[in-house]
Amino acid sequence: WLCAEAAVLNLVMAAIAWDFTQRKRTEAALANRNLQLESVRAVAAEMTRELDPNRLLGLISRRAAEMTGAANCGIYLWDESENALTPRAYHGPMSSRARYPRRPGEGLIGRVAQDRRGVLVHDYRSSSFAHPRTLETTHISAVLAEPLVYRDRLLGVISVDHERGEGDFTPQDQELLALLADQAAIAIENARLFRAEHGRREQLEAIRAVSAEITQELDL
């Protein structure tokens, strides 16, 4: 009877210990999630203040690499006239790589754009996403990419990667990049609209100046 009671007590104690461990893990995961959200909010506010498109893309690529611990980051924007994704910003050693556009469905970047769904690849070089030109010119080992979508409209793709021996990405990194991509898409669209509006105002001012000159000449 005493042995049975001890066994039950051990089971109870083990259950309590397991529950305590699980609660600690849940609390740690929640704390990490809150830190991620705070990081994204801080970067989103930073992006919102930058209205120059080129500087904005540079800022996004830097922050994406920093937040995911990536060696490199690249941003490709959709070019309607070319029907392709064109490389627009790089951060990290990859800035010296050959830059070329991707068609929808071509390589990992093209696939993410076509499916509008993020991809996490642990072994890029043996994956179905591997692009021959990328294999020839880089030592990429792990890749994480997310689409940049604004109101169901594809703006482009953001990708981060590690080269051989530099580590791997986790599902948490993927979630973080997805959150960042959502905010980046909004910032990119805002910068585009601001630039378009600024251009229209400049055109209007130019037209008014020419009109004033013509009026003045007619009055003479």
Multiplying the sequence separation of residue 120 and residue 139 by 0.36 nm and subtracting their Cα-Cα distance, what value in nm do you get? 5.2 nm
Which FRET efficiency value, to the nearest 0.05, do you get for residue 38 and residue 190 by plugging their Cβ-Cβ distance into 1/(1 + (r/R0)^6) with R0 = 25 Å? 0.70
When the accessible area of the stretch 85-140 is split by element with a 1.4 Å probe, what percent falls to carbon and sulfur? 46 percent
Once R0 is set to 45 Å, what does the formula 1/(1 + (r/R0)^6) return for the Cβ-Cβ distance between residue 54 and residue 19, expressed as a FRET efficiency to the nearest 0.05? 0.25
Quick one: what are the phi-derived ³J(HN,Hα) couplings along the stretch 164-172, Karplus 6.51/-1.76/1.60 with θ = phi - 60°, whole Hz, x for glycine and proline? 3, x, 9, x, 9, 9, 10, x, 5
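The values are calculated or read from the model by the stated rules, or taken from the named source; none is laboratory data. Owing to the predicted nature of the structure, the values given are computational and were not obtained by experimental measurement. Cβ: placed from backbone, ideal geometry, glycine included. Neighbour counts: every protein chain shown. Heads up: the accessible areas ignore ligands, DNA and RNA and are worked out on the full protein's heavy atoms, side chains in. Shrake-Rupley method; radii C 1.70, N 1.55, O 1.52, S 1.80 Å.
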